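Please read the structure below before turning to the comments.
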Amino acid sequence: MSVIFFPQLKAQEEQAWSTNFSGSINWTRITPLGYLLVNSTAGLHGVDPESGDITWSHPELAGASEESFSILEGTPCATINGPQGGLFMFEPI
């Protein structure tokens with residue numbers, strides 16, 4: 001499965017980058033600081049929005065629900081419920 005990023009929506013805009021992920025993509029989210037999060041059947045991944053490089057992965061969060069993800073106001077931190085239980089706190093950069 002791939003994510004394709006277009007930095008601005010303009011007529012005839014060129015694709016900035018494309019990144020392949022193992023497994024199926026469940027959901028994506030852009031954080032308030034502009035980082036891309038991708039949850040797939042292989043884990044939760046942080047993606048550099050400039051290059052498309054996967055900067056980190058947490059396989060234990062594969063299949064975590066998007067509804068359980070939240071940004072902690074006033075901080076760069078986020079929380080998400082693990083699919084097998086437990087609350088995970090991390091800095092999605």
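The values are calculated or read from the model by the stated rules, or taken from the named source; none is laboratory data. Keep in mind the model is a prediction, meaning the values are calculated, not measured. Here the Cβ is made from the backbone with ideal geometry for all residues, glycine too, and neighbour counts use every protein chain on show. Only protein heavy atoms, including side chains, enter the accessible area calculation; ligands, DNA and RNA are left aside. Shrake-Rupley method; radii C 1.70, N 1.55, O 1.52, S 1.80 Å.
When both residues are 6+ apart or on different chains and their Cβ atoms are under 9 Å apart, which pairs have a first residue that lies in segment 80-91 and is more than 16 Å from S57 (Cα to Cα), and a second that is not polar (S, T, N, Q)?
Q84/E60; G86/E60; L87/I80
So D48 fits all but one of (1) acidic (D, E); (2) modelled with pLDDT under 95; (3) under 24 Å from N81 (Cα atoms); (4) open to solvent by 80 Å² or more (accessible area, probe 1.4 Å); what number is the exception?
With (1) acidic (D, E); (2) modelled with pLDDT under 95; (3) under 24 Å from N81 (Cα atoms); (4) open to solvent by 80 Å² or more (accessible area, probe 1.4 Å) applied to D48, the lone miss is (4).
Where the second residue is among the hydroxyl-bearing types (S, T, Y) and the first is in a loop (DSSP other than H, G, I, E, B) and lies in segment 25-44, which pairs have Cβ atoms under 9 Å and are six or more apart or on separate chains?
As it stands, the answer is Y35/T55; T41/S22; T41/S24; A42/S22; A42/S24; A42/S57, since those pairs meet every condition given.
Residue-by-condition table, conditions (1) within 11 Å of P92 (Cα to Cα); (2) over 13 Å from the mean Cα position of the chain (by Cα); (3) open to solvent by 50 Å² or more (accessible area, probe 1.4 Å); (4) modelled with pLDDT of 95 or more:
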residue: V3; (1), (2), (3), (4): no, no, no, no
residue: F6; (1), (2), (3), (4): no, yes, yes, no
residue: E14; (1), (2), (3), (4): no, yes, yes, no
residue: W17; (1), (2), (3), (4): no, yes, no, no
residue: W27; (1), (2), (3), (4): no, no, no, yes
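Name every residue in segment 64-85 that is closer than 19 Å to T41 by Cβ and either surrounded by 10 or more Cβ atoms within 10 Å (Cβ to Cβ) or among the aromatic types (F, W, Y) (or both), in order of residue number. First the steps, then the outcome.
Here is the first cut: in segment 64-85, the ones closer than 19 Å to T41 by Cβ are 64-69, 80-85.
A64, S65, E66, S68, F69, I80, N81, G82, P83, Q84 - these are the residues of segment 64-85 that are closer than 19 Å to T41 by Cβ and either surrounded by 10 or more Cβ atoms within 10 Å (Cβ to Cβ) or among the aromatic types (F, W, Y) (or both).
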